[in-house]
Amino acid sequence: MLDLYNKKYSMQILKANIYAIKLIDILKTQFIDVTFAVKYILNQKYQLNEDDNLVSQDVLKYQTHITYEQLQKALQDYETDDDSIDNFETISKREK
């Protein structure tokens, strides 16, 4: 299990563990880019926990390096077909 509150992880590692960790914890503890925020943090299909009903304001609050304009542009340009993460079944069957 990732120790988000004591270590920093690459977005690749966060992406690989997206179903095992709370999105709010990623927002509060890790440095992510605007693309990751849109593809995973704000994407409802990854919001599995009660605490993960996140909105744009949450991203801007915890990821202060992301501007409102950057986030709005990324949301506008986002295509769901761009999702490149494996589905839940594939990840859950992956050997550790």
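Observations
- Some residue of the stretch 25-39 being of a type in the set (Lys, Arg) and within 20 Å of Thr80 (Cβ to Cβ): yes
- Subset of the stretch 40-96 [basic (Lys, Arg), under 16 Å from Ile26 (Cβ atoms) and at pLDDT below 95]: Lys45
- Subset of the stretch 45-61 [of a type in the set (A, V, I, L, M, F, W, C), in contact (Cβ under 8 Å) with a residue 24 or more places away in the chain and surrounded by fewer than 18 Cβ atoms within 10 Å (Cβ to Cβ)]: Leu48
- Scanning the stretch 1-44 for residues that are in contact (Cβ under 8 Å) with a residue 40 or more places away in the chain and assigned to a loop (DSSP other than H, G, I, E, B) gives Ile18, Tyr19, Asn43.
The values are calculated or read from the model by the stated rules, or taken from the named source; none is laboratory data. Only a predicted model underlies this, so the values are computations on that prediction, with no experimental measurement involved. Note: ideal-geometry Cβ built from the backbone for every residue, glycine included; neighbour counts use all protein chains shown.
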